[in-house]
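**Q** First, the structure itself, so that you have it in front of you.
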Amino acid sequence: MRAWIVRDTATLKALTARNFRMVIGSKPSVLLDGRSWLEGVEGRFACRSYRFGDLYVRDHGSKAVFATQLELDAIIDGQAWSGQMWVTDLWRKQPIRRRWQLVERLLSRPETDLLIPDAVRSLQLWR
C-alpha cells in the first residue's frame, strides 16, 4: 500500500505475481490484470492514504490469506473513490526465491446492514 501511495511501480511489480488480478466488488464487478493495475498506478489510479482495521491472516503453507477492513482514500481518473472497504489478498510464496508475492486482491464495500453480522454469528456452531 505504501508503494502504491508513492507510485513505486518497481516495488509493486516485485510484490505482485505475474498473474496478479485485482477484483473490484462494485456493481457490476470489475477485473484489473496486473499490467493494467501497474500502469494505472503510474498516473490514473492513485492512493492518497489508507488505514487497516482488524487483521485476519491464515497461513496455508506456500499460500496465505490476508483480510482486513480498509479506510481508503483513492482517486481514479480524477474521481474520488474513498471510504470503508474490505480487502482480501491471496499471497503465494515463490518456490525458488522463497519470497511472498500478491496473487489476488479483492476490494469491496462492507455490509452496512447491522443485523447481518449478528445473523451470521448465530450460525456459528462453536459458540
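**Q** Using the structure shown, decide if residue 21 is over 30 Å from residue 95 (Cα atoms) and touching a residue at least 12 places away in the same chain (Cβ under 8 Å).
**A** On the way: over 30 Å from residue 95 (Cα atoms): no; touching a residue at least 12 places away in the same chain (Cβ under 8 Å): yes.
Considered against the rule, which asks whether it is over 30 Å from residue 95 (Cα atoms) and touching a residue at least 12 places away in the same chain (Cβ under 8 Å), residue 21 comes out as no.
**Q** Of the conditions (1) farther than 15 Å from residue 109 by Cα; (2) under 12 Å from the mean Cα position of the chain (by Cα); (3) open to solvent by 70 Å² or more (accessible area, probe 1.4 Å), residue 65 clears all except one; give me its number.
**A** If we test residue 65 against (1) farther than 15 Å from residue 109 by Cα; (2) under 12 Å from the mean Cα position of the chain (by Cα); (3) open to solvent by 70 Å² or more (accessible area, probe 1.4 Å), just (3) comes out false.
**Q** Consider the stretch 72-127. How many of its residues are open to solvent by 70 Å² or more (accessible area, probe 1.4 Å), among the hydrophobic types (A, V, I, L, M, F, W, C) and either more than 19 Å from residue 27 (Cβ to Cβ) or assigned to a loop (DSSP other than H, G, I, E, B) (or both)?
**A** 8
**Q** Here is a follow-up. Between a residue in the stretch 69-90 that is farther than 21 Å from residue 104 by Cα and polar (S, T, N, Q) and any residue that is modelled with pLDDT under 90 and part of a loop (DSSP other than H, G, I, E, B), which pairs come within a Cβ distance under 7 Å, given they are 6 or more apart or on different chains?
**A** Taking only residues 6 or more apart or on different chains, not a single pair turns up.
**Q** Could you check the stretch 1-49 and list, in sequence order, the residues that are part of a strand (DSSP E or B), aliphatic (A, V, I, L, M) and open to solvent by less than 80 Å² (accessible area, probe 1.4 Å)?
**A** If we filter the stretch 1-49 for residues that are part of a strand (DSSP E or B), which is where we start, we get 16-25, 30-33, 45-49.
Narrowing the set further to residues that are aliphatic (A, V, I, L, M) leaves 17, 22-24, 30-32, 46.
The answer is 17, 22, 23, 24, 30, 32, 46.
**Q** Let me ask something additional. Which count do you get for residues in the stretch 46-60 that are in contact with a Lys or Arg (Cβ under 8 Å, 6 or more places away or on another chain) and without any contact (Cβ under 8 Å) to a residue 24 or more places away in the chain?
**A** The number of residues fulfilling the criteria is 0.
The values are calculated or read from the model by the stated rules, or taken from the named source; none is laboratory data. Only a predicted model underlies this, so the values are computations on that prediction, with no experimental measurement involved. Using ideal geometry, Cβ is built from the backbone for each residue, glycine included, and neighbour counts are taken over all protein chains shown. Side chains included, ligands, DNA and RNA excluded: accessible areas come from the protein's heavy atoms. Shrake-Rupley method; radii C 1.70, N 1.55, O 1.52, S 1.80 Å.
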